[in-house]
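J.: I have a structure I would like to understand better, so I am pasting it below and will then ask my questions one at a time.
Laboratory data are not the source of any read-out in this text; all were calculated from the coordinates shown. All values reported here derive from a predicted model rather than from experimental measurement. Every residue, glycine as well, gets a Cβ built from its backbone with ideal geometry; the counts of neighbours run over all protein chains shown.
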Amino acid sequence: LKGRGGGMVQANGARGIMEFREASLLRIFFSEDDIHADGRPLVDAILRAAHAEGLAGATVLHGRGGYAPSGLKDAHFQFRREALPIIVEIVDVAAKINDFLPVLDRLVVSGAVTVTSVRYAAIASPSD
């Protein structure tokens, strides 16, 4: 076991041992109506690019509301067809996330990106 400061950390759980590793969490914030230059939704372009670069996996979160300098977006205002926020989260080792940033820079025209250090443990079912 390694504690604070990096490396692997183990925690005993009901099914065995979770092995935590140091990783980076990449979050990409943009609007659901953002379109890639080839006409596809931006979310699809990001997922395909991340997969092609061999990143571990991605999750797409659809926001119910939010705001940015461009204004307030809220799912409760049904009469307004406002594009709601999307967040794509990707967790992988820092080097792979850093290598993906230039690809992401070519894809995203407006939005925000954050990279945070995290501890990551993959949990698989016994049949995996």
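J.: Among 43-50, 108-115, what's the highest-first ranking by average C-beta atoms within 10 angstrom per residue?
T.: Values: 43-50: 18.8, 108-115: 13.9.
Sorting 43-50, 108-115 by mean packing, highest first, produces 43-50, 108-115.
J.: Skipping prolines and chain starts, which residues have an amide H placed within reach, meaning under 5 Å, of the one on S31, given they are 5 or more residues away or on another chain?
T.: Result for S31 returns I86.
J.: Quote to one decimal, in nm, the extra length available between A94 and L61 on full extension: 0.36 nm per residue of separation minus the C-alpha distance between them.
T.: Working: separation 33, 0.36 × 33 = 11.88 nm, distance 2.16 nm.
In short, 9.7 nm is gained.
J.: Please state the charge dipole magnitude for region 82-123, taken about the Cα centre, from unit charges on C-beta atoms (+1 on K and R, -1 on D and E), reported in debye and rounded to the nearest 20.
T.: Values: 3 positive and 5 negative charges, 28 e Å.
Dipole size: approximately 140 debye.
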